[in-house]
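Report on the following structure.
Throughout, read-outs are computed from the coordinates displayed, never taken from laboratory work. Worth saying up front: this structure is predicted, and the values here are computed from it rather than measured. No Cβ is skipped: glycine too gets one built from the backbone with ideal geometry, and neighbour counts run over all protein chains shown.
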Amino acid sequence: MEVNPNEITNYATKFINILIDYSPKLISAILILFFGLYAIRLVNRVIRKIMLKRNLDPTLTKFLADFLLWALRVLLFVTFISKLGIETSSFVAILGAMGLAVGLSLQGSLSNFAGGMLIILFKPFKLGDTIEAQGVTGTVSEIQIFVTKILTANNQTVFVPNGALSNGNIMNYSMQGQRRADFSFAVSYDTDLKKAKEILLKILNDNPKVLKNPAPAVFVQSLTDSAVIFAVRPWANNTDFGEVSSETLENCKIAFDKEGIRIQPYLQELSKKNS
């Protein structure tokens with residue numbers, strides 16, 4: 001196949017002419033892209049600093065800053081291709097169709113996204129809180145957009161979807177700062193009730209981790225066929241709750257044994273109830 005030098009010259013001339021005619025658009029589009037990316041980074045940095053100075057929640061700050069970053073990037077990309085002379089109406093239609101398809105295929109993820117937004121905005125819990133939700137009890141270690149990371153007492157990390165978390169019951173043990181442990185002790189009917197009550201109150205009052213305000217309470221809760229039920233309710237700070245619970249059980253058992261008070265085979269912890 002023979003190559004015609006004249007045709008090559010004509011194609012080269014046309015290419016150079018097109019390049020010369022198109023170069024202003026190409027240069028201006030590249031400049032817009034370059035300065036636009038720099039401006040977006042600058043704006044994002046300023047927005048983050050403003051939100052941090054106003055003491056916004058760190059999770060909310062990160063989400064809003066990232067959302068603004070990607071929104072500005074999308075706008076910059078549309079401006080860039082428009083400056084190149086590419087028709088944007090069909091491109092926007094394609095993006096819309098893709099967004100609809102992705103939305104339909106990711107309904108569960110969108111539900112988790114919405115749940116994450118609700119958690120961030122209404123704050124039923126925050127980082128470091130001890131919560132019980134979706135059958136999991138532990139400390140909140142991270143609140144992400146789609147899931148919440150909970151660290152259990154045995155050092156296991158559980159990822160709970162935010163959709164289920166925001167739509168279910170959440171028990172926050174840390175929100176009030178203090179927590180009451182509820183115990184029931186069953187003693188025999190031949191027990192001196194006043195003496196038993198004095199022993200239980202002394203145990204609670206002698207424990208420095210048991211709060212004086214609200215004051216601990218000891219009272220006869222009920223009479224069953226085989227035992228008298230004492231309710232023992234000490235208050236403690238959240239950080240001391242576990243120790244107060246175990247120390248109360250241990251000290252009460254030791255004191256009852258020392259005084260010859262027989263505990264009936266009935267002992268139940270009710271620390272998760274508010275009765």
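Sort 45-51, 229-235 for me by packing, meaning the mean count of neighbouring Cβ atoms within 10 Å per residue, highest on top.
Descending mean neighbour count gives 229-235, 45-51.
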Inset, instruction - Please compute P(r) over all alpha-carbon pairs of the range 124-163, binned at 10 Å starting from zero, and give each bin as a whole-number percent. - result: 35, 61, 4
Inset, instruction - Principal axes first, then extents: for the Cα atoms of the range 178-269, list largest minus smallest coordinate on each axis, whole Å, largest first. - result: 37, 23, 19
Legend entry - Zone of K253's modelled label, taken as backbone nitrogen in the range 164-199 under 16 Å from a point 7 Å along Cα→Cβ: 183-187
